[in-house]
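Every number here is computed from the coordinates shown, using simple stated rules; none is lab data. Source: prediction; values computed, not measured. Positions of Cβ are backbone-derived with ideal geometry, glycine not excepted, and every protein chain shown enters the neighbour counts.
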């Protein structure tokens, strides 16, 4: 029998007052036709940028030759993940992550700051160091998630952290909501929409705590 509340939602809710990345298309949803009008169903429509809220970057976002969102293997976004608490650092890289046991970890989620209001774009947020890419490759990590809107500063043009991760086979999940999640191992599901040719997509990201006894199996 299905049991309620087994999964923890770590997705930023998409609302019409959600502040987007500066200059990006804001999210907007409306009921275009009501059930009274159609006689059968409410019909909604939305407009949005693909990097709104909790989202997955496709390599095509920062590399013209990179995979588009519909080409990414969904299995990369399903499986064991480790949530680590790295709050208090303005930049996060090898030095900040070396203290964690990452043996058998292929997905890591960073709780890097306490965001008081997820609807407002933060003036400052922690970013990733360029040396994080090689370090995660050494450890066998292929997915990194962050509770920040980007792994690079908002004014970055070089996008050094994005490229360092991409060059080392690490995919990027951004804008998670981890304020209510304790550090530890979880099952993660964070599937994007199959947007043909897309450079990214919103995801519905959820976590489920898993027993300590199976946290070293690498799955």
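Can you give me the relative contact order of the range 13-166 as a percent, contacts being Cα pairs under 8 Å and 6 or more apart?
Details: 230 pairs, mean separation 29.6, N = 154.
Taking the mean separation of contacting Cα pairs over the length of the range 13-166, I get 19 percent.
So how do 148, 120 line up by other beta-carbon neighbours within 10 Å, fewest first?
Working: 148 22, 120 11.
With the fewest neighbours first, 148, 120 line up as 120, 148.
As a footprinting exposure proxy, order 162, 89 by other Cβ within 10 Å, with the fewest listed first.
Numbers: 162 22, 89 15.
In order of increasing Cβ crowding within 10 Å: 89, 162.
What nm value, rounded to one decimal, do you get for the distance between residue 137 and residue 123 when each label is placed 7 Å out toward the C-beta?
Using points 7 Å along Cα→Cβ, the separation is 3.8 nm.
Quickly estimate the mean residue ellipticity at 222 nm for the chain, helices only: each DSSP H run with n ≥ 4 gives -39500 (n - 2.57), and the total goes over all residues, rounded to 500.
Estimated from H runs of four or more residues: -2500 deg cm²/dmol.
Where is the GNM fluctuation largest for the chain (alpha-carbon springs, 10 angstrom cutoff): 116, 202, 20?
Result: 116 has the largest fluctuation of those listed.
Taking neighbour counts of Cβ atoms within 10 Å as a proxy for exposure, in what order, fewest first, do 25, 11 appear? The partial results should precede the final answer.
Values: 25 13, 11 19.
With the sparsest Cβ surroundings first, the list reads 25, 11.
Hey, what D do you get for the chain in µm²/s if you plug the Kirkwood alpha-carbon radius into Stokes-Einstein at 25 °C and 0.890 mPa s? Walk me through the numbers before you get to the answer.
On the way: Rh = 18.1 Å.
D, rounded to a whole number, is 135 µm²/s.
Which percent, to the nearest 5, of DSSP beta bridges fully inside the chain are antiparallel? Mind dumping the intermediate values first?
On the way: 26 of 39 bridges.
Close to 65 percent.
Under 8 Å for C-alpha pairs, at least 6 residues apart: give me the relative contact order for the range 1-98, rounded to a whole percent. It would help to have the intermediate numbers written out before the result.
Values: 84 pairs, mean separation 16.4, N = 98.
Reported relative contact order: 17 percent.
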